[in-house]
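J.: This is the structure I want to talk about, given as C-alpha cells.
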Amino acid sequence: MATATFLSFSAAAPSPRARARRAQTTRAAASATDRPREVVSPKRRLPLRKVPGDYGPPVVGALRDRLEYFYGPGGRDGFFTARVRAHGSTVVRLNMPPGPFVARDPRVVALLDAASFPVLFDTSLVDKTDLFTGTFMPSTELTGGYRVLSYVDPSEPNHGPLKSLLFYLLSHRRQHVIPMFREVYGDLFGLMENELSRVGKADFGHYNDAAAFSFLCQALLGRDPTESALKGEGPKLITKWVLFQLSPLLNLGLPKLVEDSLLHSFRLPPALVKKDYDRLADFFRDAARGVADEGERLGVPREEAVHNILFAMCFNSFGGMKILFPTLVKWLGRAGARTHGRLATEVRDAVRAHGGGEVTMKALAEMPLVKSAVYEALRIEPPVAMQYGRAKRDMVVESHDYGFEVREGEMLFGYQPMATKDPRVFARPEEYVPDRFLGEDGARLLRHVVWSNGPETASPTLQDKQCAGKDFVVLIARLLVAEIFLRYDSFDVQVGASALGSSVTVTSLKKATF
C-alpha cells in the first residue's frame, strides 16, 4: 500500500492554487492562436502541421457539433471518423458535448490515434483539474459537497492521500475477493439458469447489477447491502445518481428535441436525487468505518473519506462492472463455440492442476488465453471512452506522421476507441481477437491498451491519474470468464444498445460436459 504524509486539507472547493492555475490556462487558451511561435518536435522532429478543423460560430458551432455527435449518421464513432476523413488528420479541432448551456467552453483539440493519445497520461504536460467528465464538472452537491479524487489533479496536496485511501480499500481484504466473487456470481448464474428454463432467455445486465454491488460491498467492506437499510435497492439508487451526473453526455433514446432540451442543455437538479444519495452515504458511513479510520490516519477528514469511498465503489467500481461485464459477455458470446472450447479447456485444466479444484491466483496465472480475452474486450470497447487534459505549456503533440502545435491552456481530448482500434498498431482492429495478446508479440501490444487512463504495462502511482483499481478490474474480469467456462461449454447471446454500453440477453447456456 502506498502512503503519503501531508498537511490537513479540505476538498470541498478547489484550492486557491488550482483556481489560479485554471484561470491562467483559460486566459492562455483564449489567446493561444494569437501568439505565433516556431516549435519543433522534441522527439522525432516530424513535420509540423497546423491542427485542422474549426469550432464554427460561438454557440451555433457547438450546437451543430452536439447534434451531429448524438444524432448524426454513424453515431459517436461516425462523428469522429467524419472529422478525420474531412481533414485528412487524426488530430483535429472540434466542439465536444454538452456545450451550451452546461459547459462554458466546448472547444477541444481531439486526439484520435494511438500515437497522440498518450500525451493525456503525462501529468507534467496536462492538468486534470475537474476534467473527469470532460468539459463540464457535475455539481459537488452530488458528492457530499466534496471534489472527490477523480476530479483532483496530482499536483494538489490531497491527491496522494486520497489515492492512498483507495489503494487501501482495494487491498485490505484481498483474500476475500476470489471466494466472494465465486459465491455471488455463482448465485447469479443459478438465477439465470432458472430464468432461461422458465422463459427461454435471461437479461445478464439485470442480474449483474445486483451481483456487482453485492460482491463489491461484501468483498471490500465485509457487509451485505441487502441486510442493511438499503435492502436490494442499492443498484437502482446508484444508477439514478449516476444519471444525474452524466445526463448531459447520455443518449437515452428519447425524441431528439426532447432529449437534447432536457438532458444536454441543462443540468438535472441535484436536489431531486439528494434523498437517494443520503441513503447511500448512510450505508457507507457504517459499512466503511474501518476504511474511513485508515483515511483519518492518512489525514483525510472522515466525512470526506466516506464520500470518496462511496464514489470509488459506486461510480468507478460498480459503474465499471455495469459497463464492462456485459461488454465482455457480449464479445465472448459472439466469439463462437471454437473459442469457447479453447477457453473451457484452459480454465478447467488450470483449476485441476494448480487450484486443487478451486480458482486460485496460481490457477489464474495459468490461463493466458483468459487474460488475453479480457484485454481484448478492454481494447475493442473500453469502458471509459474519453479522456481530457488541459495543456500546461506550449507543446507539440505527435500523431504517426505529423507534429501539431498546441498552446498552453488549450483543452486536449482523446477518444479512446479510435486509439485502441488504430490500424497502424492493431491488425484487424475492428475484430474481437481473443488470443491477440498471447506470446511476445502480444505482450508488446499491451502498452497500447489504455482503458485505465494509462498503458496496461504501467502500474498506478500517487503521482498519476491512472485508475487505482486497474489490476482489480482485470482480476475480476478474468474471474468472470473463468466462472463462465467452469460451468458452461458454450453460450449464446442477443445484443442490444443501452445508455451505458450494451444490453446483453443470454439465450442459451450449455452446461459443462468435460
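The values are calculated or read from the model by the stated rules, or taken from the named source; none is laboratory data. Nothing here was measured: the structure is a model prediction, and the numbers come from that model. Ideal geometry is used to build each Cβ from the backbone, glycine not excepted, and the neighbour counts take in all protein chains shown. Areas reflect the complete protein model, heavy atoms only, side chains present, ligands, DNA and RNA absent. Shrake-Rupley method; radii C 1.70, N 1.55, O 1.52, S 1.80 Å.
J.: If you roll a 1.4 Å probe over the heavy atoms of the protein chains, what accessible area per residue do you get for the stretch 58-118, in Å²?
T.: Accessible area per residue, the stretch 58-118: 40 Å².
J.: Less than 18 Å from a label point 7 Å out along the Cα-to-Cβ axis of Asp105: which backbone N atoms in the stretch 148-172 qualify, by residue?
T.: Of the residues in the stretch 148-172, 153 have backbone N under 18 Å from the label point off Asp105.
J.: What accessible area per residue comes out for the stretch 372-514, rounded to a whole number of Å², with a 1.4 Å probe?
T.: Dividing the accessible area of the stretch 372-514 by its residue count gives 36 Å².
J.: Moving on to the next point. Estimate the FRET efficiency between Val495 and Leu48 by the formula 1/(1 + (r/R0)^6), using the beta-carbon distance for r and 45 Å for R0, to the nearest 0.05.
T.: 0.55
J.: How much area per residue is accessible in the stretch 164-204 when the probe is 1.4 Å and only protein heavy atoms are counted (Å²)?
T.: 48
J.: Continuing with this model, one more query. In nanometres, what is the gap between the two model label sites at Leu243 and Arg444, each 7 Å from Cα along Cα-to-Cβ?
T.: Spacing of the two 7 Å Cα→Cβ label points: 4.8 nm.
J.: Taking only C-alpha pairs under 8 Å that are 6+ residues apart, what is the relative contact order of the stretch 131-224 in percent?
T.: Value for the stretch 131-224: 25 percent.
J.: Can you send over the carbon and sulfur percentage of the accessible area for the chain, probe radius 1.4 Å, protein chains only?
T.: In the chain, the share of accessible area belonging to carbon and sulfur is 54 percent.
J.: Now a separate question. What is the distance, in nm, between label points placed 7 Å from the Cα along the Cα-to-Cβ direction at Thr513 and at Glu141?
T.: Spacing of the two 7 Å Cα→Cβ label points: 6.0 nm.
J.: Taking 0.36 nm per residue of separation and subtracting the Cα-Cα distance, what length does fully extending Arg279 through Lys362 add?
T.: Extending this stretch completely gives an extra 25.9 nm.
J.: Find the relative contact order for the chain and round it to a whole percent, using C-alpha pairs within less than 8 Å whose residues are 6+ positions apart.
T.: 23
J.: Would you list, by chain and number, the lysines whose Cα falls below 21 Å from the Cα of Lys50, excluding same-chain residues fewer than 8 positions away?
T.: In chain and number order, the partners are Lys392.
J.: To continue, here is another question. For Arg302 and His206 in one chain, what is 0.36 nm times their gap in residues minus the Cα-Cα distance, to one decimal in nm?
T.: 31.2 nm
J.: Less than 12 Å Cβ to Cβ from Gly144, Lys/Arg counted +1 and Asp/Glu -1: what total charge do the surrounding residues give?
T.: -1
J.: Highest first, please rank the peptides 269-275, 362-368, 155-161 by the mean number of other Cβ atoms sitting within 10 Å of their residues.
T.: Going from most to least packed, we get 155-161, 362-368, 269-275.
J.: Could you check the simple spin-label distance between Asn194 and Asp122, using points 7 Å along Cα→Cβ, in nm with one decimal?
T.: Inter-label distance under the simple model: 5.5 nm.
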